[in-house]
Amino acid sequence: MKISKSVQRRTVVFAALAALFALVQVTHLAVQSSSLINSDREKTFRTYIGEIDTSYSALALGEYEFDAITLTRDADGEPLVEALPTSLMLFSDNPAYTIPEHYGSTVNRVIFYLVVAVFVIIVLLVGWILFEAIKGFRTGNIFRRNHPVLLRWLALATFIYYVCLNNRHVLMQYAVSDIFADNLPIEVLVSVRIDIEAFIVPLLLLIFAELMAVAARINEEESMTI
Amino acid sequence: MAIIVNLDVMLARRKMTLSELAERVDISIVNLSVLKTGKARAIRFSTLEAICEVLECQPADILEYKKEE
């Protein structure tokens, strides 16, 4: 099947834009990961302790809505560990304070590296699909049997990525809120989040994969028509 | 498939080789081989017309229906 030059040019432009957006996303993720692993900024001003998400209870904060919540006090009665309302951060002005050992930070790092690994897999799969698309447009053989397989793997990787990305702090927050549970004046809700985007994007990819599978079968029939 | 292509029979009757037919019909020998071995999924009327014209035969001489059991 001959593909016109204008269609080939459009495909190359779309592929280049997709690659550019992917590069921006990778850069953004690298900057984010740097701030997550290396919390030098927090160490400059305050001692970073851990994470607890009080944002879910923001509406019920009442008197604590604008002030930091004191979780523990030192021997002199001064605030030792505080949490900012509607924030993720726990901090202490006492640089000698260390949070009790908990499993959350280790699990958090494992989940974070899993997110990075899955993101790299997604980038490679997208690159492979774009390469196959450009090659197909140049040779005239657009729809091939391996394209739906790649899209299905991409759908699975995208689902895992969204779920892990949105829940990478859950176990850490659970562990930290457990440590300070007795001192928290508000109830902190920690739960797994599975947003709708975790389903919509993979489902769209799966639908597209089925369309590509049908197109590949029609293409084979066409090539076997004498 | 229930449709059987008897192209080799007609080629033998007309004492013609597959490559000669391919040249005269202007279809690649690969495609004609696919047709001859029964692997083709479909045939265009224009192709059938060209083959019948060169072999001086009817479509029924080339295509046969045999019910699958």
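The values are calculated or read from the model by the stated rules, or taken from the named source; none is laboratory data. Every value quoted in this text rests on a predicted model; they were computed, and no experiment measured them. For neighbour counting, all protein chains shown are included, and Cβ atoms are generated from backbone atoms with ideal geometry for every residue, glycine included.
The condition of being surrounded by 17 or more Cβ atoms within 10 Å (Cβ to Cβ), away from every other protein chain (no Cβ under 12 Å) and not acidic (Asp, Glu) does not hold for B:Met16. Taking the conditions exactly as written (within 12 Å of B:Leu63 (Cα to Cα), of a type outside the set (Ser, Thr, Tyr), modelled with pLDDT of 90 or more and touching a Gly at 6+ places or on another chain (Cβ under 8 Å)), does B:Val9 satisfy them or not? So B:Val9 fails the test.
Would you say A:Asn146 is polar (S, T, N, Q) and either away from every other protein chain (no Cβ under 14 Å) or touching a Leu at 6+ places or on another chain (Cβ under 8 Å) (or both)? The answer is yes for A:Asn146. In this structure, is B:Ala22 at pLDDT below 95 and within 12 Å of another protein chain (Cβ to nearest Cβ)? Criteria met by B:Ala22. Look at (1) within 14 Å of chain A (Cβ to nearest Cβ); (2) free of Cβ contacts under 8 Å to residues at least 60 places away in the same chain and you find that B:Leu63 fails only one, number (2). Listed conditions (1) touching a Leu at 6+ places or on another chain (Cβ under 9 Å); (2) at positive phi are all met by B:Asp26, apart from (1).
What tally of residues in the stretch A:212-226 results from selecting those that are within 11 Å of chain B (Cβ to nearest Cβ), farther than 17 Å from B:Leu32 by Cα and of a type in the set (Gly, Ala, Ser)?
Pass one, the stretch A:212-226, residues within 11 Å of chain B (Cβ to nearest Cβ): A:217-218, A:220-226.
Pick out the ones that are also farther than 17 Å from B:Leu32 by Cα and you get A:217-218.
With the extra rule that they be of a type in the set (Gly, Ala, Ser), the set shrinks to none.
Adding up the residues that qualify gives 0.
Could you go through the stretch B:42-51 and let me know if any residue there is away from chain A (no Cβ under 14 Å), under 24 Å from A:Glu222 (Cα atoms), without any contact (Cβ under 8 Å) to a residue 24 or more places away in the chain and surrounded by fewer than 17 Cβ atoms within 10 Å (Cβ to Cβ). No; the residues of the stretch B:42-51 include none that is away from chain A (no Cβ under 14 Å), under 24 Å from A:Glu222 (Cα atoms), without any contact (Cβ under 8 Å) to a residue 24 or more places away in the chain and surrounded by fewer than 17 Cβ atoms within 10 Å (Cβ to Cβ).
Please pick out the residue among A:Leu171, A:Leu206 that is surrounded by 14 or more Cβ atoms within 10 Å (Cβ to Cβ), assigned to a helix (DSSP H, G or I), within 17 Å of the chain's Cα centre (by Cα) and in contact (Cβ under 8 Å) with a residue 40 or more places away in the chain.
Working: A:Leu206 fails: within 17 Å of the chain's Cα centre (by Cα).
Of A:Leu171, A:Leu206, the one residue that is surrounded by 14 or more Cβ atoms within 10 Å (Cβ to Cβ), assigned to a helix (DSSP H, G or I), within 17 Å of the chain's Cα centre (by Cα) and in contact (Cβ under 8 Å) with a residue 40 or more places away in the chain is A:Leu171.
Residue-level check: of (1) in contact with a helix residue (DSSP H, G or I) (Cβ under 6 Å, 6 or more places away or on another chain); (2) more than 14 Å from every other protein chain (Cβ to nearest Cβ), B:Glu56 misses just (1).
Screening the stretch A:137-155 for residues that are outside any helix (DSSP H, G or I) and not aromatic (Phe, Trp, Tyr) and picking the one that is farthest from A:Leu206 (Cα to Cα) gives A:Gly140.
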